[in-house]
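**Student:** This structure is in structure tokens; I'll ask about it shortly.
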């Protein structure tokens, strides 16, 4: 009798944790996507338009991956790809700016400074939270409903 109750309590805790992780992931995806939309509105696309478009799109696609990915594995792979593309093109844009103004150190220092921005941190957190949600789904006996 108590083993059945323990199992249900553990499943409820896992389901609740899964819901909290997914809600936090969705909130961060919206933040990153809205920042991408704002960036698209505020950016100057005349200088290096391909990198600038990738910069905006890598952010803007985050919520769509969250909503429409079929599996957590697929979502994690796509969010990881978006985060890496975003970090790369954001670092390229930062390098372009600091090179034009003459205060660049090294490429690594520019990438490290880029890693400290809120949107890059949010993109990395999305990847981590997606992996946590996938682990919670695998550890449960029954999968929580797909969001």
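The numbers here are math on the coordinates, done by the rules we state, and not lab data. These numbers come from a predicted model, not from an experiment.
**Student:** Work out, step by step, the length gained on full extension between residue 121 and residue 27: first 0.36 nm times the residue separation, then minus their alpha carbon distance; give nm to one decimal.
**Tutor:** Once the chain is fully extended between residue 121 and residue 27, it gains 32.5 nm.
**Student:** Hey, another quick one. Rounded, prolate or oblate: which fits the range 23-79, taking a ≥ b ≥ c as square roots of the Cα gyration tensor eigenvalues, rounded meaning a/c under 1.5, else prolate when a/b beats b/c? Write out the running numbers ahead of the final one.
**Tutor:** On the way: a/c = 3.90, a/b = 1.90, b/c = 2.05.
Oblate, because a/c is 1.5 or more while a/b does not exceed b/c.
**Student:** Cα convex hull of the chain: mean projected area in nm², to one decimal? It would help to have the intermediate numbers written out before the result.
**Tutor:** Working: hull surface 39.2 nm².
Its average projected convex-hull area is 9.8 nm².
**Student:** Helix 2-42: angle to the longest alpha-carbon principal axis of the chain, degrees 0 to 90, nearest 10?
**Tutor:** The angle comes out at about 20 degrees.
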